[in-house]
Amino acid sequence: MEPPATAKRILLVGVPNSGKTTLFNALTGLRQKVANYPGVTVERKTGSCLTIHGDSIEIEDLPGLYSLHPQSPDERISVQTIIKAASKEDPADLLLVVADACNLERSFSLLYGLLLLEIPLILILNMMDEADHQNLHLDLEKLRHRLGIPVLSAAASTGRGIREIRIALSSRLPSPPRWDAVSKLSLPQGEENEQRHCESDHCLPPLLSPRLLLWHHLSPSERSLLPSSPTNTTIAAPSLEAQQLQLSPESLALTRFRWVQALIQESSKRRGPLSLTTEKIDHWVTHPVWGWVLFFGLMMGMFYSLFSLASYPMDLIKIGFATLSNGVESILPEGNLQNLITHGIIPGVGGILVFLPQILILFLFICLLEGTGYLARAAILMDRILHRFGLPGKAFIPLLSSYACAIPGIMATRTIEDPKDRLNTILVAPWMSCSARLPVYTLLVALLVPEGPWSSLIQAGTMIFLYALGTGMAILFAALFRKTILKGKSSSFIMELPPYRMPAWRSVLQEIFHRAKLFVTNAGTVILALSIVIWFLTSYPKNIPDATPTEQLKNSYAGQLGSWIEPSIKPLGYDWKIGVSLLSSFAAREVFVSTMAIIYGVDEESENIDGIRQALLEDKWDNGALIFTPLVCLSLMIFYVFALQCMSTIAVVKRETNSWRWPLFQLFYMTAFAYLLCLIIYQIWGP
């Protein structure tokens, strides 16, 4: 019996902002999975694509890169993966190279190096709809003839060309590109130009093998990946004598530039004037005054939506869990099982899932800012501030990503070339208030801001204050670290501005679905398990006859643990119940709400945010004083702004820095700062 044929493995390669991920989403749909590359915390997206014959093809979306000479850790991952595929160490059947049809120069510069690998590849000219809008005509047939490879056009955001790509992937693999596809265009046409070129200071020897040229285009770490023997590979390292042939970086760059320009001149023609719409918009978006007005307006609109628009689906979720709790009580007899479900699982899981609409709105805004091209402009705007405080402009996007979750934000620092800049960004990234804090903030803001006609606006303003507080302190500490433990100046900031475009709604919806799936999965696993544990700790031991619910709770394992830690947190205005919730939220910040829902969950309203809010407002110390005063609520919010209460973040920082030194330092300085600040606030303004 013959073994089943393995699926084709295709590497999706392209420069940043070429629409590579949009094409990946269009080809794979929902048949995707996200993991990390072995040994490193760089997101690895793989997905299966069905050909027109129904066969499955595995596609791997590599991080964006500009050349085979990597400048950042994520680019190095891409280059090493490509070289291992070409050398058959980790083989791939095909490179699917995505180029921005409106910006061929940077894409063809990468293509030049990929052709040297002599691995089968297909060139996809993406964003053809924008090229048409800019009156740019591309001669695909001339490109096919010149390069000797298949060349296809597409507009992945609209689905144009996707069927043709599936047909190409269903066909027989193309032959590796010919070496003369590079060599013919490396020198100008005509004897006179060729002679003048060879008399210049930056002249390459006319007879260079692709193996030697590839060798000189790689950095030393990537050269080590080339096999020493040409057996079973076309990209073995050149001989020692050839390696010693010194080719200047200027001559290599000049050769590549001449090849790119010749290819563009032969294959593209502009049929009309170039639109200046992007430049006109940029004048206002990056303006030193109006740019900030727009930025803060967008932020205010986002936070206002978190309370106004999200309130309607949140109310439906509350009603759903209240109905579920009542249904369980009517079906199951009284006992431990009923109590576990109605006072443990439903309050714990329901108390978190009710915030799902707010999480999705936050991710929607971030996806739209990135998809429209505004995010890069905001980075330029923020560079004027960040650079003064020891952070590069490139830190803005990782920091903004940390508003959604610190983990992908920390992973995104791999685009920062300077090691000190990267470490500095990692150390302060958790102070960007992530989506896991939203449930905590929402509960505490609801306690702090009374209901009224302006409550939504005041709540949005309070939320902006919390986000601004964390962001401002992160910038100040980044400046402090640059003058102490990470002495030096931040690197200069260069960022390519993508054109403004309508967001790819399919990709936006897929990203939101992916994040919602992660949030719900977390609620169904980690939070479910913790809810059961916390219910057990708050319900046992039951050794006090005729005890009131308050007495039983105080005598429980959770009560005993809380009483043990209460002396250390009482100076902050916190009681033992808050202490237990703080400890449990080190697993995940949002567990604070679940723990509160279980501790105070004495009836079916506890899974409702309003029920928890009312229970907290009525809770008192033994002397009759209210526990959750406005000052305590403010202190708790500030504690959650600054304390590093996320084990997953600690684990990722350890992997990114390859040491326990920095995550432990991060845990200590952030938690200590949060404790001291809250202590000062409560002791000065408290009773």
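Listing for the model above:
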{"quantity": "Charge context of residue 476, other residues only, Cβ under 13 angstrom, K/R +1, D/E -1", "calculated": "+3"}
{"quantity": "For the stretch 276-375, alpha-carbon Rg and Dmax in angstrom", "calculated": "21.6, 72"}
{"quantity": "The stretch 522-685: relative contact order in percent, alpha carbon pairs under 8 Å with at least 6 residues between", "calculated": "19 percent"}
{"quantity": "Span from the the stretch 291-325 Cα centroid across to the the stretch 98-154 one, whole angstrom", "calculated": "43 Å"}
{"quantity": "Cα-based reach from residue 570 at 20 Å (exclusive), listing lysines while leaving out same-chain residues under 8 positions away", "calculated": "554, 620"}
{"quantity": "The stretch 383-483: chymotrypsin sites (Phe, Trp or Tyr not before Pro) in DSSP loop, at most 10 other beta carbons within 10 Å", "calculated": "454"}
{"quantity": "Lys, Arg +1 and Asp, Glu -1 on Cβ, resulting dipole of the stretch 522-685 about Cα centre, debye, nearest 20", "calculated": "800 debye"}
{"quantity": "Out-of-range pairs (alpha-carbon distance over 25 Å; input 394/517; 84/394; 84/654; 20/394; 280/420; 8/142)", "calculated": "394/517; 84/394; 84/654; 280/420; 8/142"}
{"quantity": "By average C-beta atoms within 10 angstrom, highest first, the peptides 328-338, 45-55", "calculated": "45-55, 328-338"}
{"quantity": "C-alpha center-to-center spacing [the stretch 436-471, the stretch 413-427] in angstrom", "calculated": "31 Å"}
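Laboratory data are not the source of any read-out in this text; all were calculated from the coordinates shown. On a predicted model such as this, the values are computed, not experimentally measured, just so you know. Cβ coordinates were reconstructed from backbone atoms using ideal geometry, including for glycine residues, and neighbour counts include every protein chain displayed.
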